[in-house]
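The structure under discussion appears below in the form of structure tokens.
No value in this document is a laboratory result; all are computed from the given coordinates. Source: prediction; values computed, not measured. Because the Cβ atoms are built from the backbone with ideal geometry, glycine has one as well, and the counts that use them run over all protein chains shown.
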């Protein structure tokens with residue numbers, strides 16, 4: 001895969017994505033180190049962290065909240081939180097990207113739920129997320145490989161597992177709401193979500 | 001929810017597919033269930049991978065907003081590493097204290113606002129338009145209330161007629177993070193009527209708590225049982 005990554009100067013190395021169980025150890029270590037530098041107030045490190053993760057963060061927020069302006073707000077809040085709490089990131093407990101995207105997702109979900117409490121979800125029609133522009137950044141190269149692994153893993157789910165996971169993750173619905181939407185008992189929805197995620201985890205070789 | 005049921009909530013929890021009450025309950029469970037902690041952690045990594053399939057380049061202006069935003073905010077200090085605590089504060093004393101305190105919610109008059117012209121940090125929180133209040137009546141041991149403002153990002157605890165901590169011990173404050181971690185948030189001064197701004201980021205905290213800890217030691221993990229819990233999802 002080396003031919004895929006002529007890494008330009010000044011761009012963080014994203015490691016060599018391989019199909020293996022730990023696709024991007026170099027990238028993960030890099031992000032963890034950037035997060036730790038950020039906790040010491042290193043704004044340049046945080047900028048680099050932003051560049052390496054913002055397409056994932058923004059894409060995720062956009063999928064959940066659907067409105068680009070709101071997605072930007074959510075992402076900005078999430079990065080601000082990540083900066084402020086960066087000293088609480090513990091590389092022994094998980095990846096920096098995972099930690100960051102957890103914040104993004106939680107804020108996205110909070111946003112749609114609180115928006116719903118006030119009014120009905122706006123933006124009645126939602127364009128499906130636009131296809132990724134495969135530009136020249138290292139992240140895009142890296143991500144398209146990872147995205148392929150994700151697609152492969154997702155295709156290994158049963159249809160009902162996939163539906164439940166997608167409604168919960170990208171839809172931002174609670175498992176109880178998912179159960180009602182799918183017209184299944186609450187326990188069934190809960191189990192589908194968990195079994196689906198476990199299957200994804202095992203297919204993608206994510207360590208704990 | 002039976003024990004076997006709650007274990008199955010790992011997936012929904014990792015996907016944020018729980019409501020606030022389920023989240024609080026599951027986070028209490030996580031504190032004592034190593035299996036679930038480990039499973040949640042691996043499932044969270046998995047959900048982060050799912051974001052790979054949603055990649056969209058954000059507008060360049062967002063980068064500027066983020067970077068100018070962080071330049072105005074100081075990162076929180078790290079949690080200082082603990083020396084191993086040699087001996088536990090006798091649980092019996094803490095348990096007796098809890099029995100005396102008899103935690104229960106009650107309402108009482110809010111404190112009169114200060115006449116000072118400029119607002120203290122505590123006043124900013126208490127007078128914020130989004131201030132949320134959780135009150136706990138400690139019976140004969142006094143009363144305590146925590147007010148949290150998400151917009152200010154801080155929480156304030158105020159005590160009235162608070163009984164003193166046992167000799168050699170002190171009351172220590174905690175904030176429970178959205179991830180279910182108990183983060184030390186400072187100590188209560190040794191006085192019956194005090195107003196203290198909790199250290200740390202309260203914007204996303206799910207609860208605040210008070211425990212009794214040995215005086216003068218770094219506080220890393222709360223000694224159980226907790227004297228009082230202020231669950232923000234129960235806030236008024």
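Observations on the structure shown:
- Peptide A:72-84 shows a mean partner chain C-beta count of 5 within 10 Å per residue C-beta.
- Distance in nm between pseudo-label sites at residue B:234 and residue B:119 (7 Å out along the Cβ direction from Cα): 2.7 nm
- Listed peptides B:45-57, B:211-223, A:77-89 by packing density, highest first (mean Cβ within 10 Å): B:45-57, A:77-89, B:211-223
- Cα gyration tensor category, rounded, prolate or oblate, for the stretch A:156-208 with a/c compared to 1.5: prolate
- Centroid-to-centroid separation of the stretch A:152-186 and the stretch B:48-81 [C-alpha atoms, Å]: 28 Å
- Each peptide in A:59-69, A:40-50 receives the mean, over its residues, of other Cβ atoms within 10 Å, and ordering these scores from highest gives A:59-69, A:40-50.
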